[in-house]
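The values are calculated or read from the model by the stated rules, or taken from the named source; none is laboratory data. From a predicted model like this one, the values you see are computed outputs, not experimental measurements. Positions of Cβ are backbone-derived with ideal geometry, glycine not excepted, and every protein chain shown enters the neighbour counts. Quick note on the areas: whole protein, heavy atoms, side chains included, nothing else; ligands and nucleic acids left out. Shrake-Rupley method; radii C 1.70, N 1.55, O 1.52, S 1.80 Å.
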Amino acid sequence: MPLLTNTREFFDETGSITKFTGRFFSHGMKPKYELNELMAQCYIIGYKSLPLVGLTGFIMGLVLTMQLRPSLVSYGVESQLPVMVGIAIVREIGPVITALIFAGKIGSSIGAELGSMKVTEQIDAMEVSGTNPTKYLVATRVIATTLMLPILTILGDAISLFGAYIGVNINSVTSIRFFFNQVFHSIGYSDVMPAVIKTIFFGFAVGIIGCYKGFNSTKGTRGVGSSANSAVVLASVLIFVIDLLAVQFTNSLGLN
Amino acid sequence: MSTPEKTVSVKKEEPKVAAITISHVYKRFGPNVVLKDFNLVVNKEENVVILGKSGSGKSVLIKCIIGLLKADKGSINVLGDDVTKLSDDGLAKIRTKIGFLFQGNALYDSMTVRENLEFPLRRHWTDLAPSKVNAMVKEALENVGLAHTTEMMPEELSGGMLKRIALARTMILKPEIILYDEPTTGLDPVTAREIDQLILTLQKKYHTSSIIISHDMNCVKNISDRVVLLFEGKCYADGTYQSLENSADKNIKQFFES
């Protein structure tokens, strides 16, 4: 029966990912650390993603402001536009959109790179050369995604807010000081911290899923393509699941 | 080591010092039993070629020898250590004495030729001086006649050159044992014979013991001291190229007739 088969496959996959994550903690986090490779990955994963995150963040802030304005005008609360846009960007839209863009760019890249290394036996060659692939390839990439996504989200949020400021100024004249005063007045630590903390989990999910899919790539170009694709799909779904759990958690702590 | 039941004894070898002793090894993948009570001794400075049909478990066997796969049962003694019982550190240590030439070369495509050769050196011997690393890279590339390719990327090289670079990387740690996974597959006959010659030259120079997996019968003839036929997971035949070529056994003959 297809339903039973799918359910079994789901649990098999979940078990394999859990086992892979366990190996990351048991093998990958042991000294001696691959600091040079970690720095290289932080540069590739973090710095090189900044233009894309910045551009999408800017457009997101601009479009969000332009979409919200007519509704707020109809209720006569146009003056609340910076507050609403600021809260929406910092608490939800910024972290989630940045994480999804990040999953698309970095998740697929890690899945394809490691998948290609797997099918061409480069990972075996690395092991033969006295290198633990979990430590050298997986740990460095997962730590880099976990560290870089929160930083990219903060930068992306800042660029988004600037986009929102431009959006506000399309229909009215508002000084930059007034706009950001209003935004920062309405945002507290209880808005920023949960949002930043959840991006740490988003980053970890993107890294571990990309590496898992790459390491379990089947032979051939189709296998590598499929690894890259499923890394993005699964990481994106996980981002929403983590987001849902994070909202429930922050609600239960009374932070919303 | 007991002789497997079905082994066709073709020629008796003089007792020598063993580099690799494989005893009663079993390996299965799900319901598929790949190695079934496999036994083999490879002596020092000996070239043993393993023949067998595709999917018969030849690559699995050499991956078990270097510890990339773990045998389900049995022992694999390499230079005095049982690989099946070694820890990760123990495996890393024994791997400095074993070279592995992958079928698809497995050169790191994001690294230059120099970085590819430096990688195993820097990983195994972390305290090596840069001048020593340079000298070893130079020597390894000169051995395969490609000293000019140091700063090239793998994608810029031809199939034969890639195989030579992979061989140089395999030899750079001066291993005592080399495992070759189909070293001439995908190469034209002229380049394949050059690779055969290179393997023999390097073996004489560094006194290595080798296990070579090959379907290329010219390669088998050129470089083997002994030929082993892997059939139904067992060592079916063991002897010199000539003795197996003259065998009347139909399972052996099919390899030499093709």
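Before moving on, here are some points about what is shown:
- Restricting the range A:149-190 to residues that are under 20 Å from residue A:69 (Cα atoms) and of a type in the set (Phe, Trp, Tyr), the residue that is least open to solvent (accessible area, probe 1.4 Å) is A:179.
- Residue B:152 vs. criteria away from chain A (no Cβ under 14 Å) and open to solvent by 10 Å² or more (accessible area, probe 1.4 Å): yes
- As for the range A:69-87, it holds at least one residue that is under 24 Å from residue A:236 (Cα atoms) and open to solvent by 40 Å² or more (accessible area, probe 1.4 Å).
- Extreme residue, nearest to the other protein chains (Cβ to nearest Cβ), among residues of the range A:138-175 that are under 30 Å from residue B:166 (Cα atoms) and touching a Cys at 6+ places or on another chain (Cβ under 7 Å): A:141
- Among the residues making up the range B:69-107, a single one is without any contact (Cβ under 8 Å) to a residue 24 or more places away in the chain, buried (at least 16 other Cβ atoms within 10 Å of the Cβ) and facing chain A (nearest Cβ under 8 Å): B:104.
- Subset of the range A:130-148 that is of a type in the set (S, T, N, Q) and open to solvent by 10 Å² or more (accessible area, probe 1.4 Å) - its residue that is modelled with the highest pLDDT: A:146
- Among residues of the range B:157-177 that are under 14 Å from residue A:128 (Cα atoms), those with a beta-carbon under 6 Å from a residue that is of a type in the set (Ser, Thr, Tyr) and modelled with pLDDT of 90 or more at least six positions away or on a different chain give the pairs B:177/B:209.
- Residue within the range B:53-68 that is aliphatic (A, V, I, L, M), open to solvent by 10 Å² or more (accessible area, probe 1.4 Å), touching a strand residue (DSSP E or B) at 6+ places or on another chain (Cβ under 9 Å) and assigned to a strand (DSSP E or B) present: no
- The range B:202-233, residues that are of a type in the set (S, T, N, Q) and either open to solvent by 70 Å² or more (accessible area, probe 1.4 Å) or in a loop (DSSP other than H, G, I, E, B) (or both): B:208, B:214, B:218, B:222, B:224
- Verdict on residue A:119 being within 14 Å of chain B (Cβ to nearest Cβ) and surrounded by fewer than 21 Cβ atoms within 10 Å (Cβ to Cβ): yes
- For residue A:218, the criteria (1) free of Cβ contacts under 8 Å to residues at least 60 places away in the same chain; (2) open to solvent by 30 Å² or more (accessible area, probe 1.4 Å); (3) more than 19 Å from residue A:60 (Cβ to Cβ) hold in every case but one, which is (1).
- Condition met for residue A:189 (over 13 Å from the mean Cα position of the chain (by Cα) and at pLDDT 95 or above): no
- All positions within the range B:108-134 that are facing chain A (nearest Cβ under 8 Å) and open to solvent by less than 40 Å² (accessible area, probe 1.4 Å): B:108, B:119, B:120, B:124
- Residue within the range A:90-105 that is more than 24 Å from residue A:48 (Cβ to Cβ), away from every other protein chain (no Cβ under 14 Å) and not aliphatic (A, V, I, L, M) present: yes
- Residue within the range B:34-52 that is open to solvent by 40 Å² or more (accessible area, probe 1.4 Å), in a loop (DSSP other than H, G, I, E, B) and touching a residue at least 24 places away in the same chain (Cβ under 8 Å) present: yes
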